[in-house]
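Reading through the structure tokens given below for one structure.
Read the figures in this text as sums done on the coordinates, not as results from a lab. No experiment lies behind these values; they were computed from the predicted model shown. Note that we place each Cβ from the backbone using ideal geometry, even for glycine, and neighbour counts take in every protein chain shown.
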Amino acid sequence: MPMNTGFSARHGTAGTRGAPGSPQRLPTVVVGAGPYGLSTAAWLSAAGTPRRVFGDPMECWRANMPAGMYLKSVPAASSLSAPESGYRLADFRAARGRGPVGDRYPVPVEEMTAYGQWFQERRVPELEHQKVRAVGHADGLFAVTLDSGEEFLAENVVMATGQVPFAHEPAELTGPLPGDLVSHTSRHRDLTRFSGQRVAVLGGGQSALESAALLHEAGASPTVIVRAASVAFGSPPGTDRPSDRPLPVRIVKPGSPLGPGWSLLACSYGGGAFRHLPQEMRMRLVRNVLGPSGGWWLRHRVDGRVPVLCGRTVRSTGAEDGTVRLEVEGVGTGVGTEVLRADHLLLATGYRVDVDRLKLLTPELRRQVWTFHGAPRLSSGFESSVPGLFFTGLAAAPTFGPVLRFVAGTGFAARRVARSVATGTRTLP
Ligand SMILES: Cc1cc2nc3c(=O)[nH]c(=O)nc-3n(C[C@H](O)[C@H](O)[C@H](O)COP(=O)(O)OP(=O)(O)OC[C@H]3O[C@@H](n4cnc5c(N)ncnc54)[C@H](O)[C@@H]3O)c2cc1C
């Protein structure tokens, strides 16, 4: 892996980069217009940073999440971030003539998507609705190619491409199956296409349980296969505002954007400190904090309606007469191996950060990014070992913690990225 030696200020090389704020400065490119890309753009704009922002607003929420889904995060923790007030989810609702809502209101995905679009129109009107095809290195700058064929140089690139490129599809399960018999949940907007079919859903988290509920409601026959001994559901919040809970309860379990409890409070606001924890501990925490569980409003749609096989793992798969044959084995349950048949295997197997899967970065550029367990090592300003190349959102979670897996982390991330870009100062990743 090439060593990065340029830890001095990135700006000011005559003829290539302008000093921060100077008129000849090349743009900072933001790739992606989801919550992290849009929030980053809002903060860059406030800092007066020349920028170009690319993507379809909230595309992942429109195309890669199931219609009819509800957010697990509460409304107060589901706002994009801008330096100015007036752009929160609550402001969007007020602008649409809808009343205030609290923690007991599950936000429909359609409302979240409309809110993101509303935010973009007001706060990031410069968004260019096209895809970035490639990003490469060019003399310490970035050569950016768009789907339109346009090519230009950028001073910085902020990768805000979200979780979809990191969808985890275990090769040993997908390998033996033709593409139409197996898919990851992120490939589906409309689960009604499975109506009348038997669908084996692999996983025990929100995505698995919600997909199973939606499949059942669409007239499909889902069976959930979970490695854990049981599935967990959240508890309904006792009040709409955490501050309305009795003081002793608040002391034992203070409210936070990630939920009640001291550890969640620390993860919500301690992203800067999280970065200094040992690497392995960070990976473990990112995986385990807020581990697999269903939203409280999901329990009655799953319990007694959808078969859930706990303590099981899928040993092998195969195609037989146009259907999926699954060899399912008990995990410490005394249950032997069973054979299940389904018309489709739906993988709710989550996401794993791996820079190598970001194919829009040239192989040469990817090789220059220092990684751990596939995730980019990042400076306190979200900058990678390649000066000027930033990663935000899920790709930054192994560095800054679980809050980066959620919209609640947009303020922390966007503020830091914008400051780092504006000052051009670097710290070691
Ligand atoms: C089923 C599901 C439910 C979830 N529920 C919640 C929840 O309740 N609360 C919560 O806080 N979080 C939730 N999350 C996580 C949430 O999706 C992320 O926190 C959030 O979307 C991260 O925002 P982002 O901008 O990083 O990524 P995304 O929203 O994925 O946005 C990335 C964008 O980049 C674009 N892009 C990719 N490549 C290119 C390119 N080459 N050129 C241009 N654009 C590109 C994509 O089109 C996409 O729109 C959920 C995730 C899933 C999968």
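Remarks
- Residues with amide H under 5 Å from that of residue 182, placed H, sequence gap 5 or more: 345
- The chain, dipole about Cα centre (Lys/Arg Cβ +1, Asp/Glu Cβ -1), debye to the nearest 20: 1200 debye
- Shape call, segment 109-264: gyration tensor on alpha carbons, a/c limit 1.5: oblate
- Working note: Karplus 6.51/-1.76/1.60 with θ = phi - 60° gives segment 190-196 the couplings 10, 7, 5, 5, 8, 3, x Hz, where Gly and Pro are set to x.
- Rounded to the nearest whole Hz, the Karplus-based 3J(HN,Hα) values (6.51 cos²θ - 1.76 cosθ + 1.60, θ = phi - 60°) of segment 310-327 follow the sequence 8, x, 10, 9, 8, 6, 8, 10, x, 9, 9, 6, x, 10, 9, 9, 10, 9, with x at glycine and proline.
- Per residue of the chain, the DSSP helices (runs of n ≥ 4 H) give a summed -39500 (n - 2.57) that works out to -7000 deg cm²/dmol at 222 nm.
- Exposure proxy ranking, count of Cβ atoms within 10 Å, fewest first, for 166, 372, 233: 372, 233, 166
- Rounded to the nearest Hz, the phi-derived 3J(HN,Hα) couplings of segment 406-412 under the Karplus curve 6.51 cos²θ - 1.76 cosθ + 1.60 (θ = phi - 60°) are 10, 4, 4, x, 5, x, 4, where x marks glycine and proline.
- Mean-square fluctuations from a GNM of the chain, with a 10 angstrom spring cutoff on Cα atoms, peak among 95, 212, 395 at 95.
- Gaussian network model of the chain, springs between alpha carbon atoms under 10 Å - residue of 288, 156, 64 with greatest fluctuation: 288
- Put simply, the amide H of residue 316, placed in the peptide plane, has neighbours under 5 Å in 327, leaving out anything fewer than 5 places away on its chain.
- With Cα atoms defining each centre, segment 281-309 and segment 168-227 are spaced 15 Å apart in the structure.
- Ranking of 139, 244 by neighbouring Cβ atoms within 10 Å, starting from the fewest: 139, 244.
- Rounded to the nearest 10 degrees, the inclination of helix 206-217 to the longest alpha-carbon principal axis of the chain is 50 degrees.
- Applying the criteria of a DSSP loop state and at most 13 other Cβ atoms within 10 Å to the trypsin sites (Lys or Arg not before Pro) of segment 269-355 yields 305.
- Taking amide H atoms as placed 1.01 Å from N in the peptide plane, the amide H of residue 157 lies under 5 Å from those of 29, 389, 390, each 5 or more residues away in sequence or on another chain.
- More than 38 angstrom apart: percent of Cα pairs within the chain: 25 percent
- Here the residues 380, 78, ranked from fewest to most Cβ neighbours within 10 Å of their Cβ, fall in the order 380, 78.
- Relative contact order computed over the chain (Cα-Cα under 8 Å; 6+ residues apart), in percent: 22 percent
- Helix 109-123 vs. the chain, principal-axis angle (Cα, 0 to 90°, nearest 10): 10 degrees
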